[in-house]
Amino acid sequence: MTPSEQGVLSGPAPGLHEPVLRPEPGPPADATTAERKPTTRWFQPQLLAPVLGLGAWAYGTSQLRLPGIGSYGLLANSNLWFVLGLVTLLAGLLLELRRSEPRTWLLGLLLVSLIVAIHATVPILFGAPEYAWVYKHIGIISAFERYGHVTDPTNIYQQWPALFAAVAAISSLAHVAPLSIATWAPLAFELADALLLLAIFRLLTRDRRVAYLAVVLYEGVISWVGQDYLSPQAFAYLLWLGIVLIIMRWLRAPPPEAKPTGRLARLRAPLLAGLQPAPETTRKMRAVAVALVVLVYFVIVAAHQLTPYAALAGVGALAVLDLVRPRWLLLLLAVIAGAYLAPHYSLISSNFGGLFSGGNPISNASGARGTYHLGPEATTAQIVRALAAGMWLLTVFAIARRRRSLGRVAIPAALAFSPFVILAAQSYGGEAIYRVYLFSAPWCALLIAGALCELRFPRRLPLRWPLIAGVCTAALFAGLQGLYGPAAVNAFTPSEVAASTWLYGHIPHGSLIVLPDTNFPALETADYNDYEIQVMPADPQIGESWMNEGNLPQVEAWISDLGHQTGYVVVSRSMSASAAFFGAPQGYAKLVSTIPTVLRGSVVYHNDDATIYRLNLSTAPTTTAPAAPAAAAPAPNRIAKARKNSRVRKSRRTARGSVRSR
């Protein structure tokens with residue numbers, strides 16, 4: 001057994017801050033190991049890993065070409081240098097973690113480098129924010145920046161304005177456009193999340209290797225569904241991690257008595273066996289911590305609809321185990337959430353069918369339902385579903401290994417499985433299971449990392465670190481396939497953004513904008529609500545009547561029924577990629593080729609990746625279209641239907657491991 005393996009097993013000496021996930025002691029190193037120490041001291045390739053890894057990744061990224069990114073995504077169509085860069089950074093991390101005393105500065109540098117390589121690739125390649133719904137967020141931010149107040153009381157996003165108002169203020173003060181902020185928001189959120197998680201993990205285990213290994217695993221398992229783009233969920237999730245950090249440091253309850261008294265205490269006793277003492281605090285420190293938790297929680301409540309209740313589930317699980325002080329903290333947080341929800345409940349009801357709209361946990365856990373398109377979409381979906389199943393199975397294994405001292409894993413286990421409470425109440429438009437995964441992943445990663453570091457093998461069969469390397473590599477590249485698989489679909493080029501900007505800057509307010517597919521960077525203007533955006537109902541997954549866009553008489557009749565004299569139809573590279581990847585909308589290619597002839601569309605704007613046609617609907621001939629889906633009736637909020645369809649499509653894509661949820 002090497003000295004590094006012995007160090008992982010032995011852990012720190014017992015004391016006040018003894019770790020929750022303390023590795024078991026192992027046998028001492030033998031003479032052969034001691035003889036090899038001078039060699040390993042001088043041969044440390046991990047010292048070069050940051051430079052070599054980032055260099056290989058940067059060169060590989062520079063050689064990638066957007067037209068070469070096919071349906072299986074960026075990872076499948078990347079080059080050797082790109083993959084080698086990621087492998088080098090991961091290998092450097094694992095080699096340093098294998099040391100008995102890993103250097104914090106090197107671990108931090110390698111971890112930051114790996115996160116940068118993962119999340120800076122798409123912004124560098126495409127130069128614009130990913131995901132069509134991000135541009136809706138940009139439009140709301142622009143509205144707050146221009147008008148300084150809520151402009152649409154019926155818009156659910158404007159009624160939870162914390163993120164939008166904050167980014168609008170930052171954009172105005174820093175003179176940085178919201179588009180630029182949105183482009184790099186994923187990298188910023190991921191770095192901030194990793195910093196908070198590392199601090200939390202260090203409070204739950206004194207072994208730095210377990211903490212850093214857990215963050216590495218987290219970056220892999222969460223990348224395909226991560227909430228790291230510019231969204232209320234990403235903002236609220238970051239704040240939730242801040243609350244966990246405050247609770248773990250200053251609001252932990254003392255360990256239970258050796259001989260518990262009372263029925264509840266006796267019931268909890270087996271679950272808390274082996275629980276280590278909490279960090280020392282004072283009354284003033286706890287009072288300040290409670291005030292901070294309440295303040296941060298109020299911001300969460302004002303930022304996002306679902307996160308406050310996921311946070312309540314986590315705090316509630318700790319409260320049930322009597323691990324939080326003061327005991328009334330959970331009640332106070334519930335009152336805050338309820339007080340904000342009450343006047344806004346009508347919006348929740350209209351968008352999600354009520355707070356308890358999906359009381360079928362089995363149905364909610366199944367996510368968005370529908371048929372898979374064959375090929376790339378199904379492959380990516382299978383990979384990320386296997387990753388999710390593997391994460392939870394390994395977590396159960398890690399807890400089972402501690403069945404005689406559950407107190408050592410009680411905190412991460414409670415936080416890992418408390419989000420499942422959400423499934424009993426809400427489907428969240430088919431996205432609830434993905435939010436459960438998001439809030440569960442950090443604590444699963446910590447439990448898995450602790451279990452991996454505690455594995456024992458015969459001295460002649462040193463398999464621990466090869467096994468750890470295999471698990472980390474599988475998690476990282478499976479997650480990256482989920483992240484990069486639909487890159488050609490989810491990412492937009494500056495040319496597409498320029499087309500959208502031109503559209504809002506040149507057509508009259510109140511104009512009709514028709515999108516064959518939602519996959520276009522629309523709604524990014526402050527006056528987004530002054531236009532009527534209609535998405536052709538051509539997706540069989542959204543649960544309503546749908547049409548084949550290749551049936552031009554049907555399309556023409558549908559557009560005419562919208563009741564406008566003129567209209568603008570937008571087609572783009574990203575729509576073509578979406579149709580090829582998801583198999584819908586059907587007939588999109590035929591529609592694009594016949595707009596100038598059959599629909600008599602005249603080109604008013606064109607660049608390499610987008611074309612905008614103007615249709616004169618007043619001269620359109622009367623046609624009898626077979627079973628044309630009815631046009632959406634105009635409403636005070638004219639983009640309501642487009643927003644609803646976008647949410648359903650997004651949930652469908654998330655179910656396939658193709659995009660990250662809203």
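The values are calculated or read from the model by the stated rules, or taken from the named source; none is laboratory data. Every value quoted in this text rests on a predicted model; they were computed, and no experiment measured them. Positions of Cβ are backbone-derived with ideal geometry, glycine not excepted, and every protein chain shown enters the neighbour counts. Just the protein is used for accessible areas: all its heavy atoms, side chains included, with ligands, DNA and RNA removed. Shrake-Rupley method; radii C 1.70, N 1.55, O 1.52, S 1.80 Å.
So here's what we get for this one:
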quantity: Residue match in the range 455-466 (condition: touching a residue at least 60 places away in the same chain (Cβ under 8 Å) and under 18 Å from L245 (Cβ atoms)); calculated: no
quantity: Residue list for the range 395-452, filter: among the charged types (D, E, K, R) and within 20 Å of L196 (Cβ to Cβ); calculated: R435
quantity: Hey, R408 more than 26 Å from P255 (Cβ to Cβ), open to solvent by 10 Å² or more (accessible area, probe 1.4 Å), of a type in the set (K, R) and in contact (Cβ under 8 Å) with a residue 60 or more places away in the chain or not; calculated: no
quantity: Residues that are closer than 19 Å to A441 by Cβ and buried (at least 23 other Cβ atoms within 10 Å of the Cβ), drawn from the range 292-307; calculated: I300, H304, T307
quantity: Residue list for the range 593-617, restricted to those being in contact (Cβ under 8 Å) with a residue 24 or more places away in the chain, open to solvent by less than 70 Å² (accessible area, probe 1.4 Å), touching a strand residue (DSSP E or B) at 6+ places or on another chain (Cβ under 9 Å) and of a type outside the set (D, E); calculated: I595, L599, G601, V604, Y605, A610, T611, I612, Y613, L615, N616, L617
quantity: Failed condition for E130, given (1) outside any helix (DSSP H, G or I); (2) surrounded by fewer than 21 Cβ atoms within 10 Å (Cβ to Cβ); calculated: (2)
quantity: Residues (over 22 Å from K136 (Cβ atoms) and either β-branched (V, I, T) or surrounded by fewer than 24 Cβ atoms within 10 Å (Cβ to Cβ) (or both)) located in the range 213-239; calculated: V215, V216, V221, I222
quantity: Selection from the range 76-89 of residues that are surrounded by fewer than 20 Cβ atoms within 10 Å (Cβ to Cβ) and farther than 15 Å from L54 by Cα; calculated: A76, N77
quantity: Among (1) buried (at least 20 other Cβ atoms within 10 Å of the Cβ); (2) at pLDDT 85 or above; (3) touching an Asp or Glu at 6+ places or on another chain (Cβ under 8 Å) - the single one Q534 does not satisfy; calculated: (3)
quantity: Output for the range 133-168, where each listed residue is part of a helix (DSSP H, G or I), aliphatic (A, V, I, L, M) and open to solvent by less than 30 Å² (accessible area, probe 1.4 Å); calculated: V134, I138, I140, I141, A143, A162, L163, V167, A168
quantity: Index of the failed condition, Y131 passing every other in (1) at negative phi; (2) at pLDDT below 95; calculated: (1)
quantity: Count of residues meeting criterion [open to solvent by 30 Å² or more (accessible area, probe 1.4 Å) and either in a helix (DSSP H, G or I) or over 17 Å from L272 (Cβ atoms) (or both)] in the range 385-405; calculated: 11
